[in-house]
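One structure is given here, and the rest of the page talks about it.
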Ligand code: HEM
């Protein structure tokens, strides 16, 4: 009996030690190891702090930035990404001086091709999970998918919307090639979530900022309306013709530059990876702050903070001089799947609004761009629409 008890005690101690080691490794040893590897390569920044890192400081800065609206200007970075801006100002300059990140003609030394590969999840990167709301959303989508599957199995049509097409093609794939092929229920749910969030929020955000900016820049609103009326008159815009809306396209590009719906793209290295001269161990979170590059005077010139759609008059690559400095739709293999659709949808909506309404900012509008997943006007977009 005594031997049994001491064996049990020994096993319990061993298990407790293993867990203690794991926790120690998770909260302290591993982060410190990552920090050491990054510092050895010239990275600077705050030292690792237990549990929260810089989170509390970031939270305070964001809260402070969001506490009051700003005067109307497009210099939104200090309000939208105060902590990232501070980090870049404090540390990137230093690294540049040390020649670590060499800039040639304002062009980051990392090439397009490398950036594209780097933004690919296929090469071992994935987006950080936001667990909080996942469960609730999944259950809600599961309900919709199950209902539709039931209908399909009962012989009803799948429906001609995206979910119907997805389920129908998936069932065909499984019928033809067996269960190993096709998507699992979990994958179907993930696709639905992705399309909803990726497609809905982003395009509506683009439209909202476009209306705010065209309210402020009435000359561009008039030019856009002239173009729309010339092309379609008062008729319903023709889908094929939407691509001829040049002024509207330029306006959208400029709105997406100044107010990109996704201000920062995230990745986590799942395995050791190289980017330029930098070797990143697994477990490093990378932020690609589109909003900072989009507002950078070194890239766009002294008028970077001005609304000037004419900079896109000869297309995006001319405006960026071939540099990878403008990515409202991401870049590389994971570039937005709905990019063309989004532009078409936004053009259709904008054309119809311009045909029938003129709009201006209400005196109650306060300019307060802030991120709530996407970049939103924090206190709403108070607009006055007048029927034409
Ligand atoms: C103005 C509108 C839009 C903007 C600014 C936008 C922006 C983006 C960005 C920045 C990414 C890449 C995210 C990353 O790399 O982490 C992305 C991915 C994606 N977007 Fe969009 N998006 C828009 C509209 C849409 C629409 C309308 C759809 C669908 C109908 C859509 C579907 C997707 C999908 C499926 C992905 C993931 C692609 C992949 O991971 O392979 N997006 N979008």
- Could you work out how far apart the two model spin labels at residue 387 and residue 146 are, taking each label as a point 7 Å from the Cα in the direction of the beta carbon, and quote it in nm? 4.6 nm
- Expressed as an acute angle from 0 to 90° and rounded to the nearest 10, what is the orientation of the C-alpha long axis of helix 339-356 relative to the principal long axis of the chain? 40 degrees
- Exposure proxy ranking, count of Cβ atoms within 10 Å, fewest first, for 84, 373, 23: 23, 373, 84
- Highest GNM mean-square fluctuation, the chain, Cα pairs closer than 10 Å: which of 206, 229, 194? 194
- Restricting things to alpha carbons, find the Rg to Rh ratio for the stretch 141-193 using the Kirkwood radius for Rh. 0.93
- Nearest-0.05 FRET efficiency for residue 23 and residue 2 at R0 = 22 Å, using Cβ-Cβ distance, is 0.10
- Note on the structure: Helix 162-177: inclination vs the chain longest Cα principal axis, degrees, rounded to 10, gives 50 degrees
- When 374, 202, 279, 71 are arranged by how many other beta-carbons sit within 10 Å of their Cβ, fewest first, they go 71, 279, 374, 202
- Query: Which percent of the Cα-Cα distances in the stretch 252-377 go past 17 Å?
  - Reply: 69 percent
- Message: Let's test this: bin the Cα-Cα distances of the stretch 67-387 at 10 Å from zero up to the farthest pair and state each bin's percent.
- Response: 5, 21, 29, 25, 15, 4, 0
- Which angle between 0 and 90 degrees, to the nearest 10, do you get for helix 2-24 versus the longest principal axis of the chain when only C-alpha atoms count? 30 degrees
- Item | Square roots of 5 times each gyration tensor eigenvalue, C-alpha, the stretch 148-287, largest first, Å | 38, 30, 12
- Note on the structure: Cα extents of the stretch 1-65 along the principal axes, largest first, in whole Å, come to 65, 32, 8
- Query: Anyone know which of 272, 187, 306 comes out most mobile in the 10 Å Cα GNM of the chain?
  - Reply: 187
- Could you calculate the contour length gain from residue 41 to residue 91, that is, 0.36 nm times the residue separation minus the distance between their Cα atoms, to one decimal place in nm? 16.7 nm
- By Cβ neighbour count within 10 Å, fewest first, 225, 234 rank 234, 225
- Item | Segments 280-290, 255-265 sorted - mean Cβ within 10 Å per residue, highest first | 255-265, 280-290
- Task: Express the relative contact order of the stretch 67-387 as a whole percentage, based on alpha carbon pairs under 8 Å and six or more residues apart in sequence.
- Result: 26 percent
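Since every read-out is calculated from the coordinates, none of them should be taken as a lab result. Predicted model only: the values in this text are computed from it and were never measured. Glycine also receives a Cβ, built like all others from the backbone with ideal geometry; neighbour counts cover every protein chain displayed.
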